[in-house]
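Here's the structure we're looking at; comments come further down.
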Amino acid sequence: MQDVLAMILAGGMGNRLSILACERAKPAVPFGGRYRLIDFTLSNCVNSGIRRVGVVVQYAPRSLAQHLGEGRPWGLDYPGGKGFTLLQPYISRTSRDWYKGTADAILQNVRFIEEQRVKQVLVLGADHVYTMRYDPMVAFHRHHGADITVGVIEVPLEQANRFGIVQLDHNNVVVGFEEKPAQPKSNLISMGIYVFNKGALVRCLEEDTRQQGSIHDFGKDVIPACMTRYKIMGFNYRGYWRDVGTVESYWQANMDLVVDLPPLNLYDAENEIRTGLHSDPPVKLGPNAIARRSLISNGAVINGNVWNSILSPHVYVEEGAVVSESIIFDDTHIGPDTVVHRSIIDKQVWVGSGCLIGWGDDYTPNKDEPDNLNTGLTLVGKGARVPPGTKIGRNCKIGCWVKDTDFISSFVPSGYSIEPKEGPEQDSQA
């Protein structure tokens, strides 16, 4: 795999993740307690023997860049930046503007690609959760003499309209590709993983720039336009893969980790998921603490009851508090006798005593984001402060950096949002 370059698209805004992505790019969203979403794609590259990686960033890149550093946790910190390169948009005499789509993001870095002495370029998203060796896919691509190979997987038919639908013939040649159709004809979808011969990639991108009306997206424009001119194969993947582009799918993928036999094995030494280095103390359980079917990260202190939940580093759960079916990000404090149910609470949040978060049987969709918050999950944004005794219903959104004084009542009905009255405070790392 020394002659393969991986290009990771990590500039997404993640609008459907609501306030979880308000101050960070979607690939930088925490996952599974101690990881970030991009850790899975980067680790897959390293586990596959790929040692040349370009990460294309754009939206809110600060926390992502801090997390990635020089690539040391993934063993990519070679002298001279030969293993890991962060690729941000820039203005020069030849570059044009901000990236205008996934294909345009790669095109604007075509000189970097052409400088690499590689035969194939692996184009990857950074917002999927899965463990996959890419070397069998590259071997499949080469064996079939393909110009392009698309990674494909079956999903439940009711979810298929969120993805590109792929049709294969009996030889696994791609004969149809339709991006996010309202009525999918099958449940075989594109994983957003592409192997290109380097020359074919450059030609496809240049051809796309001449297509009137193109939004310069691989799934919507580039792959369909290449159907008649290039040999495109479909590589079937049968392992665990989850797109976590919505609040519900993100929560469910996290909950997949706490079942008795998780479909995604974080403990597989041969497919290790690497992340940024931390020097945190061990987990501390108090005399009355109860923790069941949960992932609890280092630095957490638990004096209450935690079950079916995921806690990131340095979460503090006071005595009498109950956290269930929830995800709590770093450095968050859950006050005594507070109950948190089916909620996602971001970093540096302070929740006072005796609060109820994710309360009641009213599942009214959120009035501001009915498409994103409609399954009963409540979100509390980064840096928010929830006053003692506050009761918050289902599908609620408590914005980033909300203060005690922003709550006009101790009860937030289901489907309502609280936003900060003043501009957000700034913090350290998102």
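All of the numbers you see were taken from the coordinates with simple rules; none came from a lab. What you see is a predicted model; the values in this text were computed from it and never measured. With ideal geometry, Cβ positions are generated from the backbone for all residues, glycine too; neighbour counts draw on all protein chains shown.
Which of the peptides 228-236, 293-301 is most tightly packed, and how do the rest follow, going by the mean number of other Cβ atoms within 10 Å of each residue?
In decreasing order of mean packing, 228-236, 293-301 become 293-301, 228-236.
Remind me, relative contact order of segment 292-430 in percent, using alpha carbon pairs under 8 angstrom and six or more residues apart? Could you put the intermediate results ahead of the total?
Working: 436 pairs, mean separation 21.7, N = 139.
With pairs under 8 Å counted, the relative contact order is 16 percent.
Bins of 5 Å, beginning at zero and ending with the bin holding the largest distance: percent of Cα pairs per bin for segment 4-258, please.
So the P(r) values, bin by bin, are 1, 6, 14, 18, 21, 19, 13, 7, 2, 0, 0.
Between segment 211-239 and segment 301-320, what's the alpha-carbon centroid distance in Å?
Rounded to whole Å, the Cα centres lie 45 Å apart.
In segment 4-258, what percentage of the DSSP-assigned beta bridges are antiparallel, given to the nearest 5?
Roughly 55 percent of the beta bridges in segment 4-258 run antiparallel, per DSSP.
Taking the Cα atoms of the chain, report the difference between the largest and smallest coordinate on each principal axis, in whole Å and largest first.
64, 48, 46 Å, listed from the longest principal axis down.
Quick one: which residues, 5+ away or cross-chain, put their amide H under 5 Å from the amide H of G69? H built at 1.01 Å from N.
So G69 has HN proximity to no qualifying residue.
Which whole-number percent gives the relative contact order of segment 4-258, counting Cα pairs below 8 Å spaced six or more residues apart?
Details: 477 pairs, mean separation 57.2, N = 255.
After rounding, I find 22 percent.
Against the longest principal axis of the chain, how steep is helix 198-209, in degrees 0 to 90 to the nearest 10, with axes from Cα atoms?
Compared with the principal axis, the helix lies near 80 degrees.
Quick one: divide the alpha-carbon radius of gyration of segment 282-430 by 2.2 N^0.38 Å and tell me what you get.
0.97
Given H placed 1.01 Å from N in the peptide plane, which residues other than close sequence neighbours of I392 have an amide H under 5 Å from its amide H?
L356, I357, G358, W359, V412
Set the bar at 29 Å for Cα to Cα. Now go through K391/K421; K100/K403; K180/K231 and name every pair that lies beyond it.
Working: K391/K421 20 Å; K100/K403 36 Å; K180/K231 22 Å.
Among K391/K421; K100/K403; K180/K231, the Cα-Cα distance tops 29 Å for K100/K403.
Could you give the distance between the Cα centres of segment 41-83 and segment 93-148, to the whole Å?
After rounding, the separation between the Cα centres reads 14 Å.
Per residue of segment 63-72, in order, report the coupling 6.51 cos²θ - 1.76 cosθ + 1.60 (Karplus, θ = phi - 60°) as ³J(HN,Hα) in whole Hz, putting x for Gly and Pro.
Residue by residue, segment 63-72 yields 5, 5, 5, 5, 5, 6, x, 9, x, 4 Hz.
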